[in-house]
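Please treat every number below as a calculation from the coordinates, not as lab data. Model, not experiment: these values are computed from the prediction. Ideal geometry is used to build each Cβ from the backbone, glycine not excepted, and the neighbour counts take in all protein chains shown.
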Amino acid sequence: MALYSEKVMEHFRNPRNVGVIENADGIGEAGNAKCGDIMKIYLKIEDDIIEDVKFETFGCGSAIASSSMATELIKGKPVSEALTLTNKAVAEALDGLPAHKMHCSVLAQEAVKKALQEYNERNK
Ligand code: FES
């Protein structure tokens with residue numbers, strides 16, 4: 001069996017929502033000290049809905065695929081729903097990740113959560 005699912009390969013080759021949002025309403029960054037990979041998520045939020053989301057990932061293929069999938073999963077969703085995003089949901093949407101690559105999906109969960117927390121802090 002191939003190590004990576006077709007979906008992982010597809011999102012790695014054609015990542016969705018790559019880039020930066022100027023004047024983002026929330027920015028979150030997560031890193032893994034062991035592998036050194038870093039992920040940054042930018043959110044544009046209007047009326048509590050995630051209107052736009054972009055990412056920059058300096059990392060492995062699974063981290064890029066995880067960021068891409070995470071942005072797809074939260075785009076157009078209310079903030080409250082995006083806050084419930086788990087790394088498991090990201091990995092499942094990618095049709096699975098190898099066990100030693102699950103931490104790559106954790107980066108996506110953490111970066112999204114941090115961006116949402118920053119948005120909530122700013123709007124207190
Ligand atoms: Fe660390 Fe993928 S190897 S994020």
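Observations on the structure shown:
- Taking Cα atoms only, the orientation of helix 102-122 departs from the longest principal axis of the chain by about 0 degrees.
- Helical runs assigned H by DSSP (4 residues or longer) give the chain a calculated mean residue ellipticity at 222 nm of -13000 deg cm²/dmol, each run adding -39500 (n - 2.57) before division by the residue total.
- Gyration tensor verdict on segment 1-47 (Cα atoms; rounded if a/c is under 1.5, prolate if a/b is larger than b/c, oblate otherwise): oblate
- Three principal axis extents of the chain based on alpha-carbon atoms, in descending order, are 48, 27, 23 Å.
- Against the rule of thumb 2.2 N^0.38 Å, how large the Cα Rg of segment 57-124 comes out: 1.10
- Net charge of Cβ neighbours under 14 Å - reference S80; Lys, Arg +1; Asp, Glu -1: -1
- Rel. contact order, % - alpha carbon contacts under 8 angstrom, at least six apart, the chain: 32
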